[in-house]
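The values are calculated or read from the model by the stated rules, or taken from the named source; none is laboratory data. The shown structure was predicted, so the numbers you read here are calculated from the model rather than taken from an experiment. Positions of Cβ are backbone-derived with ideal geometry, glycine not excepted, and every protein chain shown enters the neighbour counts.
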Amino acid sequence: MGNSIPEEEYKNIVDKIPLMCVDCVIVSEGKYLLVKRDNEPLKGVYWTPGGRVLKGEKLYDAVIRKVEEETGLIVRPISVVGFYEDFYKKNELGLKMVHTTSIVFSATVVSGEIKLDNQSSDYKWSRNLPKELNLQLMYV
């Protein structure tokens, strides 16, 4: 499973096809874990942990990997709660638009303490999911 693509090649790929992503809804005591993004898209927005699925990686494994990378938490994915897609004009690659398709999972925390990576500057437990996610979340 390779996860290192030269930057120009990655940019060319993303310019031509949608990115497959996962997002993870983690609930504790009726609140959702959200991280404040430090990069585009959605820079400065509190969002669910998640990100790109790697070639050869199963979706459940991508959820576990992304949550651990971004929050330090070990989770157990429970189920798919829906999916959403978006078209981001603001992006780190300088492209006119980045198209993402994301499968959204619910998960429970198995262990760990929150320790954010360099992609986020803050976190919070919120009674509401981001409105952009609510508007686009399509329950299956």
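Examine region 42-54 for a residue that is of a type outside the set (Asp, Glu), under 19 Å from Leu133 (Cβ atoms), outside any loop (DSSP other than H, G, I, E, B) and out of contact with any Lys or Arg (no Cβ under 7 Å at 6 or more places or on another chain), and state whether such a residue exists. Before the answer, list the steps.
Going through region 42-54, the residues of a type outside the set (Asp, Glu) turn out to be 42-54.
The next check asks that each one be under 19 Å from Leu133 (Cβ atoms); those that pass are 42-53.
Filter once more, so that each one left must be outside any loop (DSSP other than H, G, I, E, B): 46-47, 50-52.
From what's left, out of contact with any Lys or Arg (no Cβ under 7 Å at 6 or more places or on another chain): 52.
Yes: one or more hits.
Look at Val109 and say whether it is under 15 Å from the mean Cα position of the chain (by Cα), surrounded by 15 or more Cβ atoms within 10 Å (Cβ to Cβ) and at pLDDT 95 or above. Break it down into steps so the answer makes sense when it comes.
On the way: under 15 Å from the mean Cα position of the chain (by Cα): no; surrounded by 15 or more Cβ atoms within 10 Å (Cβ to Cβ): yes; at pLDDT 95 or above: yes.
No.
Restricting to region 55-80, count the residues that are aliphatic (A, V, I, L, M) and buried (at least 17 other Cβ atoms within 10 Å of the Cβ).
Residues of region 55-80 that are aliphatic (A, V, I, L, M), as a first pass: 59, 62-64, 67, 73-75, 78, 80.
Subsequent filtering for residues that are buried (at least 17 other Cβ atoms within 10 Å of the Cβ) retains 62-64, 67, 73, 75.
Residues in region 55-80 being aliphatic (A, V, I, L, M) and buried (at least 17 other Cβ atoms within 10 Å of the Cβ): 6 in total.
Asp15 is checked against (1) closer than 25 Å to Ile114 by Cβ; (2) more than 12 Å from the chain's Cα centre (by Cα) and fails just one. What number does that condition carry?
Asp15 satisfies all of (1) closer than 25 Å to Ile114 by Cβ; (2) more than 12 Å from the chain's Cα centre (by Cα) except (1).
Please go through region 81-92 and give me each residue that is surrounded by 13 or more Cβ atoms within 10 Å (Cβ to Cβ) and either of a type in the set (A, V, I, L, M, F, W, C) or in contact with a Cys (Cβ under 8 Å, 6 or more places away or on another chain) (or both), ordered by number.
Val81, Phe83 - these are the residues of region 81-92 that are surrounded by 13 or more Cβ atoms within 10 Å (Cβ to Cβ) and either of a type in the set (A, V, I, L, M, F, W, C) or in contact with a Cys (Cβ under 8 Å, 6 or more places away or on another chain) (or both).
Any residue that is part of a loop (DSSP other than H, G, I, E, B), out of contact with any helix residue (DSSP H, G or I) (no Cβ under 7 Å at 6 or more places or on another chain) and at pLDDT 95 or above - is there at least one of those in region 21-36? Let's see the steps before the verdict.
Of region 21-36, the ones part of a loop (DSSP other than H, G, I, E, B) are 29-30.
Adding the requirement that they be out of contact with any helix residue (DSSP H, G or I) (no Cβ under 7 Å at 6 or more places or on another chain) leaves 29-30.
Then keep just the ones that are at pLDDT 95 or above; that gives none.
Within region 21-36, none of the residues are part of a loop (DSSP other than H, G, I, E, B), out of contact with any helix residue (DSSP H, G or I) (no Cβ under 7 Å at 6 or more places or on another chain) and at pLDDT 95 or above.
Quick one: would you say Ser102 is of a type in the set (S, T, N, Q), in a strand (DSSP E or B) and surrounded by 14 or more Cβ atoms within 10 Å (Cβ to Cβ)? Show your work before the answer.
Numbers: of a type in the set (S, T, N, Q): yes; in a strand (DSSP E or B): yes; surrounded by 14 or more Cβ atoms within 10 Å (Cβ to Cβ): yes.
Answer is yes for this residue.
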